[in-house]
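Enquirer: Quick one: this structure, given as structure tokens, is what I'll be asking you about.
The values are calculated or read from the model by the stated rules, or taken from the named source; none is laboratory data. Worth saying up front: this structure is predicted, and the values here are computed from it rather than measured. Ideal geometry is used to build each Cβ from the backbone, glycine not excepted, and the neighbour counts take in all protein chains shown.
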Amino acid sequence: MYPPTRKDFISLTLTEQDSSRSYNNSKNWRRKSCWRKWKQLSRLQRSLILFLLAFLLVCALATYPNLAEHWRALTERSVQEEWSAVDIPELKPVNPAVIPEQERKIGLVFPEPPPQKPKKAPSNKRGPPVLQHRLMKRENASETQVKGKEGQAANGEEEGEKSLVSWRGAMIEAERGTEPQPSAKEEGAPDLAANGEAAQEGPAAAAHERQKAVVEAFQHAWKGYKEFAWGQDELKPISKSYGTWFGLGLTLVDALDTMWIIGLKEEFEEAKKWVATDLQFTKNVDVNLFESTIRILGGLLSTYHLTGEDIFLEKAKDIGARLMPAFNTPSKIPYSDVNLGRGTAHPPRWTSDSTVAEVTSIQLEFRDLSQTTGDSQYQKAVDGVMKHVHRLAGKHDGLVPMFINTNNGQFSHLGVFTLGARADSYYEYLLKQWIQGGKKETELLEDYVQAIEGVKKHLLRKSQPSQLTFVGELAHNNFSPKMDHLVCFLPGTLALGAHHGVSSEHMELAKALMETCYQMYAQIETGLSPEIVHFNLIPRHGRDVEVKPADRHNLLRPETVESLFYLYRFTRDKKYQDWGWEIFQNFNKYTRVSTGGYTSISNVRNPDNPDPRDKMESFFLGETLKYFYLLFSEDFDLINLDKFVFNTEAHPLPIWTSS
């Protein structure tokens with residue numbers, strides 16, 4: 001008999017709920033449902049999904065700039081094809097990828113010659129006769145600037161508001177007075193072609209006006225340095241502060257000979273006083289052998305040779321002696337870092353290697369120090385490095401790797417060859433040492449000529465579509481169309497070699513590469529070159545110059561202006577001055593800070609916001625503005641290239657004579 005069925009009951013009390021919380025298929029309920037499903041997934045499943053989404057996001061960010069560049073190239077090509085399809089007599093399309101906006105707006109300027117200036121009393125300064133004579137005849141540029149400011153005072157208030165652009169809270173000047181004025185014909189001036197005297201004076205007057213603009217730019221940069229960074233290494237013009245690298249007043253020392261050359265005597269005397277009283281090398285600080293040699297030792301020696309002031313030679317001897325411990329290595333290949341106060345040297349913490357450029361680009365300065373002081377230890381040390389590298393294995397048709405080991409003295413990281421960073425000035429100093437020594441050291445010339453042949457054989461290519469000649473890189477027999485802005489030293493070096501009798505073919509190559517370096521500026525939206533470009537090798541694909549996002553910065557570098565100076569000095573072709581003038585105006589337009597100084601920028605592709613970096617490198621005053629001034633000079637005895645050779649920081653050192 002079965003027991004009676006048991007019945008269980010559950011009591012459930014239903015309370016009245018707010019109608020707003022009932023399920024109604026709203027977004028809120030669906031969001032809760034999705035979150036519930038997400039929580040039901042295992043931890044592994046959720047991790048895989050998140051990883052996949054992150055990977056897709058990274059891929060999208062990496063490919064977007066390339067897609068944008070490709071789309072821009074296709075758009076430009078379609079515009080060109082539309083132009084070619086339209087047949088209009090006597091009308092030619094303009095290539096927007098080659099000719100910059102600045103060039104379309106302005107033309108060459110021939111301002112009226114300045115009035116004759118009264119002669120000044122002879123100076124008692126020592127130095128080369130050419131510079132003495134020039135400084136006697138010319139007004140102090142700072143005095144000229146004061147007069148110019150008086151004439152501009154009436155217009156300053158009206159234009160002040162319009163000339164500034166705010167970037168990250170900093171006021172940076174958008175337009176400067178360096179813009180060319182209307183042509184002579186537009187202003188009703190006499191026709192230069194019809195007036196023989198005016199035709200002769202016009203170009204010289206235009207060059208003089210451009211030199212005055214460079215002097216004004218230097219004074220503007222010096223104003224910021226003096227006010228916010230006096231005696232420090234580098235100016236930070238936007239934050240109105242300074243940066244410290246070695247703590248040795250790099251900007252001031254680097255700019256000494258520039259001030260002397262361009263005639264800023266008052267500023268020079270003020271800087272000389274700081275050198276005499278405040279420049280001390282007893283600090284317990286590590287300095288880079290290469291940078292301190294080319295900037296400080298080179299700057300002091302150059303200023304001594306130009307002025308004859310003994311204080312600069314004494315300071316040069318002091319730092320030269322303190323740098324010598326760098327050569328106390330098993331191989332005599334110098335260490336990269338030296339502690340000036342302790343008298344010790346060491347390689348970088350992460351490697352025992354030095355870069356080839358650093359150990360082979362200190363020779364001009366140490367050799368000159370020996371010649372000037374009569375102490376042969378300096379020249380003996382650096383000549384030993386060059387002789388060692390001369391017979392070293394691991395070269396590729398004269399091309400050298402980028403690194404050399406300080407312990408065994410052998411090349412390291414073999415198979416990678418470039419004329420960019422870490423190797424560039426090795427090739428420059430091969431030629432310049434030969435010139436400095438009176439063209440007697442044939443091993444240096446042989447290595448230089450062989451290296452240029454290696455460049456022509458392995459690194460030289462032509463871009464598409466404009467057939468620009470450029471210098472790429474070689475990594476384990478794989479060619480890369482990558483070219484650093486640093487490589488733009490090469491046109492000037494080739495031209496210098498041709499001038500001194502190396503090969504006339506080198507001059508033709510120099511002209512071709514000079515065009516390429518100019519296009520690295522002209523094909524960019526701001527008219528300023530990026531740090532690195534990649535050249536296009538594919539026919540009918542976009543423009544010649546391509547820039548990756550990480551390479552879009554401009555550090556106010558001098559190499560292109562340097563080469564323009566050499567090409568103009570040797571060819572007298574005015575186009576090199578005009579190219580330099582364009583570049584100078586763009587520096588003024590996009591890098592000038594209204595409160596004083598110039599700043600490097602992060603994005604040369606964005607003229608609306610170049611993204612300033614708040615740093616003015618010392619070489620902007622030591623090299624870039626100096627080469628601008630010399631480029632615009634019609635006085636070809638000003639730093640005569642048969643009597644002086646520039647080091648890689650633009651400090652002129654005398655060529656040795658037989659006596």
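Enquirer: From L369, L414, which residue is buried (at least 17 other Cβ atoms within 10 Å of the Cβ) and not polar (S, T, N, Q)? Step through it out loud before you land on a result.
Expert: Numbers: L414 fails: buried (at least 17 other Cβ atoms within 10 Å of the Cβ).
Selected residue: L369, the only one of L369, L414 that is buried (at least 17 other Cβ atoms within 10 Å of the Cβ) and not polar (S, T, N, Q).
Enquirer: Output the residues belonging to the range 231-264 that are more than 18 Å from the chain's Cα centre (by Cα), of a type in the set (D, E, K, R) and part of a loop (DSSP other than H, G, I, E, B).
Expert: The one that is more than 18 Å from the chain's Cα centre (by Cα), of a type in the set (D, E, K, R) and part of a loop (DSSP other than H, G, I, E, B): K240.
Results for (1) closer than 17 Å to S600 by Cα; (2) buried (at least 17 other Cβ atoms within 10 Å of the Cβ), shown as yes or no for each residue.
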residue	(1), (2)
E525	yes, no
K548	no, no
T560	yes, yes
T571	no, no
K574	no, no
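Enquirer: Please specify each residue of the range 453-483 satisfying the condition of being of a type outside the set (V, I, T), under 30 Å from D642 (Cβ atoms) and in a strand (DSSP E or B).
Expert: Correct list: L460 only.
Enquirer: Further question: Considering the range 608-630 alone, what residues qualify as being crowded, with 23+ Cβ neighbours inside 10 Å and either in a loop (DSSP other than H, G, I, E, B) or not assigned by TED's automatic domain parsing to the domain that holds T648 (or both)?
Expert: Within the range 608-630, P610, E617, S618 meet the criteria.
Enquirer: Something else: From the list D635, D642, D608, which one is without any contact (Cβ under 8 Å) to a residue 60 or more places away in the chain, farther than 29 Å from E546 by Cβ and not small (G, A, S)? Break it down into steps so the answer makes sense when it comes.
Expert: Working: D635 fails: without any contact (Cβ under 8 Å) to a residue 60 or more places away in the chain; D608 fails: farther than 29 Å from E546 by Cβ.
Being without any contact (Cβ under 8 Å) to a residue 60 or more places away in the chain, farther than 29 Å from E546 by Cβ and not small (G, A, S) holds for just one of D635, D642, D608, which is D642.
Enquirer: Report yes if some residue within the range 468-484 is more than 16 Å from T418 (Cα to Cα) and either among the β-branched types (V, I, T) or under 24 Å from the mean Cα position of the chain (by Cα) (or both); otherwise report no.
Expert: For the range 468-484, residues more than 16 Å from T418 (Cα to Cα) and either among the β-branched types (V, I, T) or under 24 Å from the mean Cα position of the chain (by Cα) (or both): present.
Enquirer: Quick one: in the range 391-405, of everything that is more than 29 Å from the chain's Cα centre (by Cα) and more than 18 Å from H476 (Cβ to Cβ), which residue is surrounded by the fewest Cβ atoms within 10 Å (Cβ to Cβ)?
Expert: Step by step, filter the range 391-405, then rank; the result is R391.
Results for (1) in a helix (DSSP H, G or I); (2) in contact (Cβ under 8 Å) with a residue 40 or more places away in the chain; (3) in contact with a Phe, Trp or Tyr (Cβ under 6 Å, 6 or more places away or on another chain); (4) within 29 Å of K236 (Cβ to Cβ), shown as yes or no for each residue.
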position	(1), (2), (3), (4)
P491	yes, yes, no, no
A495	yes, yes, yes, no
E515	yes, yes, no, no
G527	no, yes, yes, yes
H534	no, yes, no, no
G542	no, yes, no, no
L567	yes, yes, yes, no
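Enquirer: Answer yes or no: is there a residue in the range 554-561 that is farther than 19 Å from S529 by Cβ and outside any loop (DSSP other than H, G, I, E, B).
Expert: no
Enquirer: Now, a different point. Which ones in the range 337-374 are charged (D, E, K, R) and without any contact (Cβ under 8 Å) to a residue 40 or more places away in the chain? It would help to see each step written out before you state the result.
Expert: Step one: of the range 337-374, the residues charged (D, E, K, R) are 337, 342, 349, 353, 358, 365, 367-368.
R349 - this is the single residue of the range 337-374 that is charged (D, E, K, R) and without any contact (Cβ under 8 Å) to a residue 40 or more places away in the chain.
Enquirer: Continuing with the same structure: Tell me which of these E428 doesn't satisfy, since it passes every other one: (1) buried (at least 23 other Cβ atoms within 10 Å of the Cβ); (2) assigned to a strand (DSSP E or B).
Expert: Going through (1) buried (at least 23 other Cβ atoms within 10 Å of the Cβ); (2) assigned to a strand (DSSP E or B) one by one, E428 breaks only (2).
Enquirer: Of these, K511, K548, which one is under 21 Å from I583 (Cα atoms) and under 23 Å from the mean Cα position of the chain (by Cα)?
Expert: It is K511.
Quick grid of which residues meet (1) under 23 Å from A451 (Cβ atoms); (2) part of a helix (DSSP H, G or I):
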| residue | (1), (2) |
| --- | --- |
| G341 | no, no |
| Q379 | yes, yes |
| V389 | yes, yes |
| I404 | yes, no |
| G409 | yes, no |
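Enquirer: Given the options E428, E473, name the one that is assigned by TED's automatic domain parsing to the domain that holds T516 and acidic (D, E).
Expert: Only one candidate passes the filter, namely E473.
Enquirer: If K283 satisfies every condition in (1) in a helix (DSSP H, G or I); (2) modelled with pLDDT under 95 but one, which is the exception?
Expert: (1)
Enquirer: Could you check A510 against (1) assigned to a helix (DSSP H, G or I); (2) outside the structural domain of D551 (by TED's automatic domain parsing); (3) among the small types (G, A, S) and say which number it fails?
Expert: Every condition holds for A510 apart from (2).
Enquirer: How about the range 235-256: which of its residues are under 13 Å from F620 (Cα atoms) and either surrounded by fewer than 18 Cβ atoms within 10 Å (Cβ to Cβ) or outside the structural domain of N586 (by TED's automatic domain parsing) (or both)?
Expert: Within the range 235-256, L250, T251, L252, V253, D254, A255, L256 qualify.
Enquirer: Could you identify the single residue in L301, L297, L323 that is surrounded by 19 or more Cβ atoms within 10 Å (Cβ to Cβ), in a helix (DSSP H, G or I) and more than 25 Å from the chain's Cα centre (by Cα)?
Expert: L323
Enquirer: For the condition modelled with pLDDT of 95 or more and within 20 Å of V471 (Cα to Cα), what is the one hit in E582, E515, E525? Lay out the reasoning, then the answer.
Expert: On the way: E582 fails: within 20 Å of V471 (Cα to Cα); E525 fails: within 20 Å of V471 (Cα to Cα).
So the residue among E582, E515, E525 that is modelled with pLDDT of 95 or more and within 20 Å of V471 (Cα to Cα) is E515.
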